[in-house]
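Rule-based calculations on the coordinates, nothing more; no lab input. Keep in mind it's a predicted model, so treat the numbers as computed, not measured. Note that we place each Cβ from the backbone using ideal geometry, even for glycine, and neighbour counts take in every protein chain shown.
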Amino acid sequence: MTELSCETCSPNTKSNGESNLPFRPRGTVATPGAVCAEDACPNPQTDKPRQPPKQQEQPPPQPKTPTTLDKASREKFETLRAQLTRASAPPPQKENGVVSAYKLYGATERLTTLLTAQASYSIDPSVRRSGTLQHTPSGEEIGVSSSNDSPSPWHARLGLLPTFSTWAHVSMIHMYLVITRLRACEDVETYKGWQTQLVDHFFHEAERKIVDTHGIVSGMMRQRYLKDLFVQWRGVMMAYDEGVAARSDAVLAGAVWRNLFKAEEAVDVVRLAVVVGFMRRVMAEWDRMDDERFLDELRGSWILGNTKAGTYVLSKKKTVNIHI
């Protein structure tokens, strides 16, 4: 049988689509009963078996992500996802140096005001003039607790006297917690900038309190007090670092006892445990934050706010209570 091309496949078609030949042989004339040999003929007239169309290859099935994970696996998954997100994100555009410096100055000033308000106190000048102002055995003036118009939990619940020393050491604890988390930031310049500004603002606030609250106007005396305070700050950093690095609550409690409680022999160990537990909880909470979220919280001053009920706000949703 002669293999022919049908009228659909034949090029010999008229303009109206009709074919001159019903079947056009290749180089011959049409023969009755001939079949089309074109494999791609849209109108096949052939007894020749057709090849089945090729099916598109399906991608291999992907393993399904489990819908439920235990707590440890979920934390690892979230950590890995955050790392991948940071790695794939475009590098942030750096702001103008002057603008960035002013923003950092304002953010650290607001944060320092918040941190130093945790054990705030006041002294009525008329009480000092009348000679009825109380003093500690070491000669410190004792004021009145005035944290957010209510007694601070550091005074009311931990039994600390509202003095300059208590205010300074409570502020140092909060500053230490912030600076410890800043050390873990990947950007070293960010850590250095925040730490420098925080320390500067703290000592400016200390000098203002020496003048306004205690009425010490002598520049020589102010410099002597500030120098002693700076030495205490360096010692506090080293002592608390030792407790954190050793992962020992006993070592950290010893540092708190020597600095905050002034090595008082009759101190209640429960109060020591409260302060150590507070520090541990805050460090654990901030350690679970990524760097960008932590810095956003610092800029927004949501990181550690004191409420009237003695609650320290870690963020907009999470809190840490300090009580006996």
For this session: Would you mind checking the pairs LYS76/LYS192; LYS192/LYS262; LYS71/LYS192; LYS76/LYS262; LYS103/LYS262 and listing those with alpha carbons more than 32 angstrom apart?
Result: LYS71/LYS192; LYS76/LYS262; LYS103/LYS262
For this session: Would you calculate the separation in nanometres between label points at VAL251 and THR132, each defined as 7 Å from the Cα along the Cα-to-beta-carbon direction?
Result: 5.0 nm
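Length gain on complete extension for the stretch ARG234 to LYS76, per 0.36 nm per residue less the alpha carbon to alpha carbon distance?
Here the segment from ARG234 to LYS76 would lengthen by 53.3 nm.
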Problem set entry | At q = 0.20, 0.22 Å⁻¹, base-10 log of I(q)/I(0) for the range 175-310 (Debye sum, equal scatterers on each alpha carbon) | -1.35, -1.39
For this session: Between GLN58 and ASP187, take the C-beta separation as r, use R0 = 41 Å, and let me know the FRET efficiency to the nearest 0.05.
Result: 0.35
